[in-house]
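All of the numbers you see were taken from the coordinates with simple rules; none came from a lab. All values derive from a computational prediction rather than experimental measurement. Positions of Cβ are backbone-derived with ideal geometry, glycine not excepted, and every protein chain shown enters the neighbour counts.
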Amino acid sequence: MHHISIQRTGGINYLNLKVLLNLLSVLQSRILGYPLFTMATFEELKTPFITQRELHPVTSTRILNLLDKTPRLSGPSKLILRAFILYTTNPNFFKVFPHLSSQESDELALLSVIGLRNLRNWRECPATYPSPWSNPFKKPEKPLHAIGRELLPMFDIKQPGPTLPEEDLSRFFSFTDACKERHQQRSVITGVEYSSAADVAHIFPHSTLQHKSPNSVLTWRFLVLFLGEQIRDILVKELHSDLHGIQTPASGILLALDTRTSYDHGFFTLVPYRRPRNNPHYVDVIYRVISTQPDVKYSSTYLDPDIDRQMTIDMNGVPTPNQIGDESKALQDGFKIRIGTNDPTLLPIPSHILLFWHGFLWDVLGAAGMSGWGNEAVLQVSGRPPGYPRDSPISSPVPKKRKSARPTGPPLSKVYQSGDGAYDRDWLDEHDLEWTYSDRSFSGADEDVTFTPLEQL
């Protein structure tokens, strides 16, 4: 039994008061299923990806008008560059872009396509230069590794890219297990505990940090031009860290299989909006719908609509998931979700910077016409519609059948195809380059073909 010591002044000893409040919190949570009060104070989370369009709207409009009137630029190039202008965070871009030639603008558009495809990467196969049969871009007159390199000094880039890890990164079992342990086998979206029908989604594709891959070089070259060095460094700090890097739970969330696929396709995103001050145990996010695909339209959850009832927070700020309901509810845009951990050191919560990045990236892809919603494989309706019992069977997403070959494509002997692009063998041979897809390595006779570290490029 805990005793409360009453002082002569009529006050209550602080330590005993804390014990009493903790006991009351536990009792009310067990009786009511949710806490009556919390002592947390929150800080509002804001995205670091502030576009230059928001800061300089008049200049942005003038740059867009200039782009529309630029001669010798194809429609696809203008579409990509329009998305670049709308979402760039690079403070030097508006100063430099009016002075770019048509050829330099085309090269920037091509580099953007390559970078965005690799950042999208929901098929887990990287893309370099798309063949002319799969994309209306001209073949560059320079080797793959040199695309965009001459643009770096024009934008006053002092450090082109980060030094990448010496060892290739991959989805180790320890990463998956750590994310599952943090979420206690529960899906972030539904709140249901899964034994096997769940998987961990990488918030940021780990393939962009492969030091042997040419795709990493081109992707980070695009990122530094698109984001600028300051914002690029903020992103790198979240990715390349031993404690809270891309291979820790800070870059992953546990989702049901069908929901995970929808997340990878950018059908929805989780926008962080607040976290408790001086408490790294949880973060509150908002479910934001990006696509109108059926997978999102008929999504459901078992979580309580009141975010404060989803978890019990003890006096030390440690959250414990509350029991969920027996029937699902429609998951609407704006639904609030609490993501927590009982060990922020070993099992950190998802990085709010990376969560902001996920939504930002799919906004850019949508503006560039690269979201894949209209002409890529569309998922069939899966999951549990609202009102279904919690223990009903869950179906995995089934992609639509795709044709084995393009009806107007070249002979397959001429093209090396992958899931997210095609590689022109003749063009690679012409430039004395070779692409080996089995180990995703890149080699050639050009002495400049080196990728570690990126500062040497």
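Quick check: is even one residue across region 211-220 closer than 24 Å to residue 110 by Cβ, basic (Lys, Arg), more than 15 Å from the chain's Cα centre (by Cα) and surrounded by fewer than 22 Cβ atoms within 10 Å (Cβ to Cβ)? Yes, region 211-220 contains a residue that is closer than 24 Å to residue 110 by Cβ, basic (Lys, Arg), more than 15 Å from the chain's Cα centre (by Cα) and surrounded by fewer than 22 Cβ atoms within 10 Å (Cβ to Cβ). Going through region 310-341 one residue at a time, which ones are under 19 Å from residue 178 (Cβ atoms) and surrounded by fewer than 16 Cβ atoms within 10 Å (Cβ to Cβ)? Listed by number, the list holds a single entry, 320. Can you confirm whether residue 312 is in contact with a helix residue (DSSP H, G or I) (Cβ under 7 Å, 6 or more places away or on another chain), hydroxyl-bearing (Ser, Thr, Tyr) and touching a residue at least 40 places away in the same chain (Cβ under 8 Å)? Spelling it out, residue 312 is indeed in contact with a helix residue (DSSP H, G or I) (Cβ under 7 Å, 6 or more places away or on another chain), hydroxyl-bearing (Ser, Thr, Tyr) and touching a residue at least 40 places away in the same chain (Cβ under 8 Å). The set of residues in region 181-236 that are within 20 Å of residue 359 (Cβ to Cβ), in contact with a Lys or Arg (Cβ under 6 Å, 6 or more places away or on another chain) and outside any helix (DSSP H, G or I) contains only 201. Residues of region 339-367 that are among the small types (Gly, Ala, Ser) and closer than 18 Å to residue 273 by Cα: 340, 351, 359. If I filter region 263-321 down to residues being of a type in the set (Gly, Ala, Ser) and assigned to a loop (DSSP other than H, G, I, E, B), which single residue comes out as farthest from residue 334 (Cα to Cα)? Across region 263-321, the extreme among qualifying residues is 317. Checked against the criterion of being touching a residue at least 12 places away in the same chain (Cβ under 8 Å), closer than 25 Å to residue 176 by Cβ and not in a loop (DSSP other than H, G, I, E, B), the candidates 355, 346, 365 yield just one match: 355.
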